[in-house]
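The values are calculated or read from the model by the stated rules, or taken from the named source; none is laboratory data. Predicted model, so just to flag it, every value in this text is computed and none were measured. Glycine gets a Cβ as well: all are built from the backbone with ideal geometry, and neighbour counts include every protein chain shown. What goes into the accessible areas is simple: the full protein's heavy atoms, side chains included, and nothing from ligands, DNA or RNA. Shrake-Rupley method; radii C 1.70, N 1.55, O 1.52, S 1.80 Å.
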Amino acid sequence: MTSTPPLQLKPFDATDVPFFANMAADPRVTKFVGDGSIWDQATLAEKTNNALRAAPLNEQGAARWFVALHDGQPVGVLVSTRREAGVEIGYWVPPEHWGQGIAGSMVDAGLETIPALYDSDNLIARVDPDNTASARVLTRRGFHVTGCENGLDRYTRKEPSSAAP
Ligand SMILES: CC(C)(COP(=O)(O)OP(=O)(O)OC[C@H]1O[C@@H](n2cnc3c(N)ncnc32)[C@H](O)[C@@H]1OP(=O)(O)O)[C@@H](O)C(=O)NCCC(=O)NCCS
């Protein structure tokens, strides 16, 4: 197992947009996100503005993003979005930090806060079947494939306390 670096999650704010924009402009990062293309300015603005507007969390599409800091430096972004079926999570790490346990550590931290934030134990994620590292982040944390949508595996995790007997 990858060793977990000590990191801290802080809410994403406007000063974090350039850090995120660098990842969204890197084809290595977007390879398994959406249609695989890097994000154009319009997409970047739409997504980051939606995260920054901090809509009420019972609203479909409302998002909260978090930046992972290691030694005070940003090393990843954890995203969460209200969906009909629960709360969808996603995570982005710059390639120079891949393989250091950052995504796993961000999801661990998110699992501590996101269910209470949204008042929902239903966490979901959608992952390209070829995105091995992303799938591993989830399966090691109790997520299971529960379906397939538009070529993406749908992963679901319920808090053990609310799982069916
Ligand atoms: C997917 C991504 C977030 C993983 O980030 P990361 O910080 O490198 O992940 P971690 O270091 O926490 O590793 C996660 C697990 O995958 C494993 N792993 C890492 N790279 C791997 C690879 N290329 N092949 C197979 N397993 C891999 C690690 O060993 C680790 O498993 P372990 O906990 O059993 O040791 C990162 O590659 C990324 O940002 N990709 C682009 C954006 C993206 O695809 N996001 C997910 C969209 S669903």
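Remarks
- Cross-chain or 6+ apart pairs with Cβ under 6 Å, the stretch 127-153 first and assigned to a strand (DSSP E or B), then surrounded by 15 or more Cβ atoms within 10 Å (Cβ to Cβ) and among the small types (Gly, Ala, Ser): VAL127/SER134; VAL127/ALA135
- For the stretch 94-108, residues that are near the ligand (Cβ under 7 Å from one of its atoms), on the phi < 0 side of the Ramachandran plot and surrounded by fewer than 16 Cβ atoms within 10 Å (Cβ to Cβ) total 1.
- Residues satisfying the stated conditions in the stretch 66-93, i.e. over 19 Å from ARG141 (Cβ atoms) and buried (at least 18 other Cβ atoms within 10 Å of the Cβ): VAL67, PRO74, ARG82
- Scanning the stretch 1-29 for residues that are crowded, with 16+ Cβ neighbours inside 10 Å, modelled with pLDDT of 95 or more and in a loop (DSSP other than H, G, I, E, B) yields a single hit, PHE12.
- Within the stretch 109-148, being touching a Lys or Arg at 6+ places or on another chain (Cβ under 6 Å), of a type outside the set (A, V, I, L, M) and either open to solvent by less than 20 Å² (accessible area, probe 1.4 Å) or within 12 Å of the ligand (Cβ to nearest atom) (or both) holds for ARG126, PHE143.
So that you can scan it fast, the table gives a plain yes or no per residue for (1) within 27 Å of ALA116 (Cα to Cα); (2) away from the ligand (no atom under 14 Å from the Cβ):
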| residue | (1), (2) |
| --- | --- |
| LYS10 | yes, yes |
| ASP16 | yes, yes |
| ARG28 | no, no |
| TRP39 | no, no |
| ALA42 | no, yes |
| PRO56 | yes, yes |
